[in-house]
Amino acid sequence: MAAFRERWQRWWRGGAAGEPGLDALLLEHYPGAVMLLDDQGVVRRVNPAFERYAGHPPEQLLGRRAVTLDIDPLHGDFARALEQCVTTLRPWQGLLLCRRADGSLRHQTTMIQPLVRDEGPLRLLVMQYDVTGMRERELRDRQLLGRLESTVSRVPSALFRLRQGGNGQLEFLYLSEALRSLFGLAPEQCMDDPEALLGRLARDDRQRFEASLAQSAVSLAPWQLEFRLSLPEGMRWIEARATPLARGQGDLMWDGLLIDIDERKQVEQRVQRLVGTDMLTEALNRRAFLEQGEAALARATRHGESLSLAMLDLDHFKALNDTYGHAVGDLALQAFATTCRESLRPYDLFARIGGEEFVVVLVDSRPEEAWSVLERLRQAVAAIELESEGEVVRFTVSLGLAVLGGEGSLESGLAQADRALYRAKRSGRNRICGPEALIQDPGAP
């Protein structure tokens, strides 16, 4: 072992006769300044390229303290670094701003290594490498990034990068700070846990979200989707627009925007209500009912549920009009519509499809539950009292109930409910008739 160590040291000092040792080669060709200091920080030796990289002739610095290079020789970072190394005998590494002989300032990445020997005084080996160009580029990049972030923060939408791995897992690689100001969600939390955002999608919207994203992944076509997010202040409409990018091993990226479209959707819904609403009763009109009824039936079919549909007709309405006049008839229709809305749930569909004919779709209700709801409605209508020239006007309603399964259509459901309504009229009015499987006319007069 001793012989090996001796051969290695000879090779380090010089491999062959006349050939410089590795230490000499390193000092000569190191692309920076190298100094050997004593424990007072005085420069004892420098490498051959010192003037080229440090900007000072060696004779101006030898015998002087190395902190002369610092922009603040007395209290600068160089003096503190040297003091730390002498005190702790541990290496120091960092960035120093040094002044060249011509007065220019250079950023030098610096390493100071204490050299502790069994015999002899403490020495400090200092190596510096000029990184001014990199530092200036870094500063420019930071300024550019700052301007970019400032611009992004003023964009009225949240920027995102969404990744889908080969296993189908979704994760947000980036979400801009606008997510917080627009939707009250913390970008860092949603990047750590995508469900902090995706888990807020309405159930039906989550299914559409996943289906449309899958289509974009297959076709690599731009992705666009409107969906609702459940936020502390309520449901908000969001539009996502993104461009997909295929990566290796099944990875996909979408770069895009999340845009707050809640105000626009509210305007659209107001217009839709005006277009799809019966002006007298404020119930859905026939066209709007057919559109929304088909959507309700499609949802029930997807979830393997049945859909309850009822036709309603005011009893002897023509006689009421003939006896009390059309103004009272209109009041009767309005009072009837108000009572229906109060008896139904906000998400049930209620529409006027004829003069005194109405239709109801009871969402997420078993047939027995639908029957109970309609019976309460029938009783509430029978309790309505209107006054006309000192006379109390009362009226009743007949109802026909149909239950649609997975194979049924809205048209067939309306036909079934209409037949059940006809049976209710023929059986004496002011009652419900429906499928034979249900108990007929509970509580009918």
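The values are calculated or read from the model by the stated rules, or taken from the named source; none is laboratory data. For clarity, every value in this text was computed on a predicted model and none was experimentally measured. Cβ placement follows ideal geometry from the backbone for every residue including glycine, while neighbour counts extend to all protein chains displayed.
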> Failed condition for Arg426, given (1) crowded, with 20+ Cβ neighbours inside 10 Å; (2) farther than 19 Å from Val360 by Cα, with all others met?
Replying inline: (1)
> Which residue, of Asp262, Asp251, is in contact with a Gly (Cβ under 7 Å, 6 or more places away or on another chain), assigned by TED's automatic domain parsing to the domain that holds Ser176 and of a type in the set (Asp, Glu)?
Replying inline: Asp251
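With the requirement that a residue be among the hydrophobic types (A, V, I, L, M, F, W, C) and assigned to a helix (DSSP H, G or I), what does the stretch 245-288 give you? Give the derivation first.
Our first condition is that a residue be among the hydrophobic types (A, V, I, L, M, F, W, C); within the stretch 245-288, this holds for 245-246, 252-254, 257-259, 261, 267, 271, 274-275, 279-280, 283-284, 288.
The answer is Val267, Val271, Leu274, Val275, Ala288.
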> In the stretch 53-63, what residues are part of a helix (DSSP H, G or I) and more than 53 Å from the chain's Cα centre (by Cα)?
Replying inline: Pro58, Glu59, Gln60, Leu61
>> Suppose we filter Leu290, Leu297 for residues that are of a type outside the set (Phe, Trp, Tyr), in contact with a strand residue (DSSP E or B) (Cβ under 7 Å, 6 or more places away or on another chain) and farther than 28 Å from Leu162 by Cα; which single one remains?
In response: Leu297
>> If I filter the stretch 313-322 for residues that are among the hydrophobic types (A, V, I, L, M, F, W, C) and not in a helix (DSSP H, G or I), do I get at least one hit?
In response: yes
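Could you list, in sequence order, the residues of the stretch 378-388 that are of a type in the set (A, V, I, L, M, F, W, C) and either out of contact with any helix residue (DSSP H, G or I) (no Cβ under 6 Å at 6 or more places or on another chain) or not in a strand (DSSP E or B) (or both)?
Initially, the stretch 378-388 is screened for residues of a type in the set (A, V, I, L, M, F, W, C), giving 380-384, 386.
The answer is Ala380, Val381, Ala382, Ala383, Ile384.
Return the only residue of His326, His316, His303 being surrounded by fewer than 13 Cβ atoms within 10 Å (Cβ to Cβ) and either touching a strand residue (DSSP E or B) at 6+ places or on another chain (Cβ under 6 Å) or at pLDDT 90 or above (or both).
Working: His316 fails: surrounded by fewer than 13 Cβ atoms within 10 Å (Cβ to Cβ); His303 fails: either touching a strand residue (DSSP E or B) at 6+ places or on another chain (Cβ under 6 Å) or at pLDDT 90 or above (or both).
When all the criteria are applied, what remains is His326.
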> Pairs, please: C-beta under 7 Å, at least 6 apart or cross-chain, first residue assigned by TED's automatic domain parsing to the domain that holds Leu257 and in the stretch 202-224, second assigned to a helix (DSSP H, G or I)?
Replying inline: Asp204/Arg299; Trp223/Ser212; Trp223/Leu213; Trp223/Ser216
> Among the residues of the stretch 286-302, is there at least one that is over 30 Å from the mean Cα position of the chain (by Cα) and of a type in the set (Phe, Trp, Tyr)?
Replying inline: yes
> Can you name the residue in the stretch 389-423 that is assigned to a loop (DSSP other than H, G, I, E, B) and closer than 19 Å to Leu362 by Cα and, of all such residues, is modelled with the lowest pLDDT?
Replying inline: Gly406
>> Looking at the stretch 353-367 only, could you name the residues that are over 40 Å from the mean Cα position of the chain (by Cα) and either surrounded by fewer than 19 Cβ atoms within 10 Å (Cβ to Cβ) or closer than 21 Å to Leu297 by Cβ (or both)?
In response: Ile353, Gly354, Gly355, Glu357, Phe358
>> Suppose we keep only residues that are among the β-branched types (Val, Ile, Thr) and in contact with a His (Cβ under 8 Å, 6 or more places away or on another chain) within the stretch 94-147. Which one would you say is surrounded by the fewest Cβ atoms within 10 Å (Cβ to Cβ)?
In response: Thr132
>> I'd like to verify a number: residues in the stretch 190-244 that are over 14 Å from the mean Cα position of the chain (by Cα), in a loop (DSSP other than H, G, I, E, B) and at pLDDT 90 or above, how many?
In response: 3
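Conditions tested, residue by residue: (1) part of a loop (DSSP other than H, G, I, E, B); (2) of a type outside the set (Asp, Glu); (3) more than 11 Å from Ala310 (Cβ to Cβ); (4) not assigned by TED's automatic domain parsing to the domain that holds Glu305.
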{"site": "Phe336", "(1), (2), (3), (4)": "no, yes, yes, no"}
{"site": "Arg341", "(1), (2), (3), (4)": "no, yes, yes, no"}
{"site": "Arg345", "(1), (2), (3), (4)": "yes, yes, yes, no"}
{"site": "Glu369", "(1), (2), (3), (4)": "no, no, yes, no"}
{"site": "Val373", "(1), (2), (3), (4)": "no, yes, no, no"}
{"site": "Arg376", "(1), (2), (3), (4)": "no, yes, yes, no"}
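Quick check: anything in the stretch 64-75 assigned by TED's automatic domain parsing to the domain that holds Val42, assigned to a helix (DSSP H, G or I) and not β-branched (Val, Ile, Thr)? Explain how you work it out, then say what you get.
Taking the stretch 64-75 first, the residues assigned by TED's automatic domain parsing to the domain that holds Val42 are 64-75.
From the residues that got through so far, the ones that are assigned to a helix (DSSP H, G or I) too are 66-69.
Those left that are additionally not β-branched (Val, Ile, Thr): 66, 69.
Looking for residues that are assigned by TED's automatic domain parsing to the domain that holds Val42, assigned to a helix (DSSP H, G or I) and not β-branched (Val, Ile, Thr), one finds at least one in the stretch 64-75, hence yes.
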>> Given (1) assigned by TED's automatic domain parsing to the domain that holds Val392; (2) at pLDDT below 90, identify the lone condition not met by Gly293.
In response: (2)
